[in-house]
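Chemist: Provided herewith is a single structure, encoded as structure tokens, for subsequent inquiry.
The values are calculated or read from the model by the stated rules, or taken from the named source; none is laboratory data. In this text the structure is predicted, and so the values were computed from the model without any measurement. Please note: Cβ atoms are built from the backbone with ideal geometry, for glycine as well, and neighbour counts cover all protein chains shown.
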Amino acid sequence: MAERNAERTRFGRDARENAEAVKALFAENTDLTERVVTGADGAEYLLLFLDGVVDKEALQRFVILPLSASCRGEAPEARHAAADVKLPASPREAAKALCCGSALLFSPGGGTQALELRKPQPDTGKESSPENIVLGPHARFRNSCRSNIALLRDCIRTPDLASAEFALQSGTLTKVAVCYISGVADGRVVEAVKRRVFSCASADVKSVTEFIELFKEDRLSPFPQYVTSERPDRVTEALLRGCVAVIPDGSPWAILAPVSFADFLKSPEDSHSPWIYTSLIRLLRLVSVAITIITPALYVAVMSFHPRMLPVKLMLSAASGRAAVPLPAIAEVVIMETFIELLREASASMPSNVGSTISIVGGIVIGEAAISAGLASPLLVVIIAISAVTSFTIPVYSMVISLRTVRFFSLLLASVFGFYGLIMSLIFMAIHMASLKSMGEDYLFPVAPMRLKRWKRDLVRFPLRWVRGDGR
């Protein structure tokens, strides 16, 4: 019956059949709401609207109350004259009107009206967040699951945007929504995400961080396997390329899956910049990842085991700088890394207008004091500063934390085995990342497995006319 209703191209004279035809297009959505209003003349009117998209107060004031009032002689159109009224002729037109913020009124006799009652979405772009907005819409998710879905529907106005809600049995995180675009997202991935949500339903989940930890496939891996974002434009872009978004209630963050390592090097601002600039920036971010992981360990390996790898003048300059340092290279690096991490945490706990000043002044003071006290050489201070700056070029903060963590693993092996230990650590990381999966998809895609056509969309960004039709 639902399939037959979905295939109808025109509305008939039966209000119930017309409503069922529209509901069939939203079969995978839980935010579609139906209400039956009994008019003053005893006739039943059917209302369909998307919860969170339609202004319920305006709906009650301009539609429901006038229909229920004792005004038998008036036409239905006059009772809700405050709304912009359209007359959709088919279920597909009515579905588009629903996505654009209209409420559908099905009258006895087959009349269908689309009442423009869109709920205005407040601007939340000025709030502090790890995701700074440079270009693009200044909007962020809020703590309401339905409001966040409404923000997505504001960007993707199609009934193909499906949203399914799941209730958690315990904990303070009580509801989770799974959003995807039917026909774009892989059905196997959608089912895998739903199964994972079901597996977390019986756990005592108190926050979105705990939910993400339970959601991960490899919980011991230091690398994030999902992208978390509070920006609707990032989530919209991910949905349009086939990802699934998990939106917990009570949190402004959405979880995107499946993702690859290349997705952590992308920023929503990339789509608002010229493709040449975006390609160069993405390559620069990839180089920044290598600098963040390698440079401190490389310093320890060279200074402790392979000083002759340096040119003669650079070797003499480095040796003269370390002449007053009584500590081994590994202790020198660990002390400076500890200072930088403490400085980061201190600046993060302060107000934004004070934290940036403290970071700059504190970095200069600590660097000068460490050199004067003989705790670090000038070359090491430069290396630590560069690695700290390059770590913040990564757009996704969860990956920044992971890179800051795994470089201590490289430091440990480099302090024991020198340059060979550094190479061993990189090989171990590559093997581990190649074994990771994000909802069954390869973490190092499109490098492993190799998909050269996807390089021009994931690792760099070519013009759109060159990348259309390049599937997975």
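Chemist: Using the structure shown, decide if SER349 is at pLDDT below 80, exposed (fewer than 14 other Cβ atoms within 10 Å of the Cβ) and more than 31 Å from the chain's Cα centre (by Cα).
Modeler: no
Chemist: Still on this structure, I have one more. For the range 446-459, state whether one or more residues are surrounded by 20 or more Cβ atoms within 10 Å (Cβ to Cβ) and touching a strand residue (DSSP E or B) at 6+ places or on another chain (Cβ under 7 Å).
Modeler: no
Chemist: Another question, then. Working only within the range 418-428, note down all residues that are part of a helix (DSSP H, G or I) and in contact (Cβ under 8 Å) with a residue 24 or more places away in the chain.
Modeler: Passing the criteria: PHE419, GLY421, LEU422, SER425, LEU426.
Chemist: Ok, one more. Pick out, from the range 223-300, the strands (runs of 3 or more DSSP E) lying fully within it that include 2 or more residues that are among the β-branched types (Val, Ile, Thr) and under 9 Å from the mean Cα position of the chain (by Cα).
Modeler: 227-229
Chemist: Another question, if that's okay. Within the range 196-222, how many residues turn out to be at pLDDT below 85 and either of a type in the set (D, E, K, R) or outside any helix (DSSP H, G or I) (or both)?
Modeler: Of the residues in the range 196-222, 15 are at pLDDT below 85 and either of a type in the set (D, E, K, R) or outside any helix (DSSP H, G or I) (or both).
Chemist: From (1) crowded, with 20+ Cβ neighbours inside 10 Å; (2) at pLDDT 80 or above, pick out the condition that doesn't hold for LEU173.
Modeler: That leaves (2) as the condition not met.
Chemist: Just to be sure I understand the filter: pairs with C-beta atoms under 9 Å, separated by 6 or more residues or on different chains, first member in the range 438-451 and under 17 Å from CYS243 (Cβ atoms) and of a type outside the set (A, V, I, L, M), second member at pLDDT 85 or above and surrounded by fewer than 16 Cβ atoms within 10 Å (Cβ to Cβ). Which pairs pass?
Modeler: GLY440/ARG188; ASP442/ALA434; TYR443/ALA434; TYR443/SER435; TYR443/LYS437
Chemist: Using the structure shown, decide if VAL54 is modelled with pLDDT of 80 or more, under 23 Å from ARG16 (Cβ atoms) and touching a helix residue (DSSP H, G or I) at 6+ places or on another chain (Cβ under 6 Å).
Modeler: Taking the combined requirement at face value, the residue does not satisfy it.
Chemist: Only one residue in ALA388, ALA376 is closer than 14 Å to SER288 by Cα, of a type in the set (Gly, Ala, Ser) and either touching a residue at least 40 places away in the same chain (Cβ under 8 Å) or outside the structural domain of ILE335 (by TED's automatic domain parsing) (or both), so which one is that?
Modeler: Checking each option against the conditions leaves just ALA388.
Chemist: Output the residues belonging to the range 1-20 that are basic (Lys, Arg) and modelled with pLDDT of 75 or more.
Modeler: Selection gives ARG10, ARG13, ARG16.
Chemist: Return the only residue of ARG407, ARG451 being of a type in the set (D, E, K, R) and farther than 30 Å from ARG188 by Cβ.
Modeler: After ruling out the rest, the residue left standing is ARG407.
Chemist: Please specify each residue of the range 322-342 satisfying the condition of being surrounded by fewer than 18 Cβ atoms within 10 Å (Cβ to Cβ), of a type outside the set (Val, Ile, Thr) and within 45 Å of the chain's Cα centre (by Cα).
Modeler: LEU327, PRO328, ALA331, GLU341, LEU342
Chemist: Moving on to the next point. Got a sec? Which of ALA24, ALA43, ALA89, ALA78 is farther than 28 Å from CYS179 by Cβ, modelled with pLDDT of 80 or more and surrounded by fewer than 21 Cβ atoms within 10 Å (Cβ to Cβ)?
Modeler: Selected residue: ALA89, the only one of ALA24, ALA43, ALA89, ALA78 that is farther than 28 Å from CYS179 by Cβ, modelled with pLDDT of 80 or more and surrounded by fewer than 21 Cβ atoms within 10 Å (Cβ to Cβ).
Chemist: Which one of the conditions (1) under 14 Å from SER415 (Cα atoms); (2) not assigned by TED's automatic domain parsing to the domain that holds VAL381 does PHE264 fail to meet, given that it meets all the rest?
Modeler: Unmet condition: (1).
Chemist: Still on this structure, I have one more. Show the residue pairs that are 6+ apart or on different chains and have beta-carbon atoms under 6 Å apart, the first residue being within the range 239-251 and assigned by TED's automatic domain parsing to the domain that holds TYR180, the second being among the acidic types (Asp, Glu).
Modeler: That search, which allows pairs on different chains as well, returns nothing.
Chemist: Which members of the range 388-401 meet the condition of being part of a helix (DSSP H, G or I) and either surrounded by fewer than 19 Cβ atoms within 10 Å (Cβ to Cβ) or of a type in the set (A, V, I, L, M) (or both)?
Modeler: Answer for the range 388-401, where residues must be part of a helix (DSSP H, G or I) and either surrounded by fewer than 19 Cβ atoms within 10 Å (Cβ to Cβ) or of a type in the set (A, V, I, L, M) (or both): ALA388, VAL389, TYR397, SER398, MET399, VAL400, ILE401.
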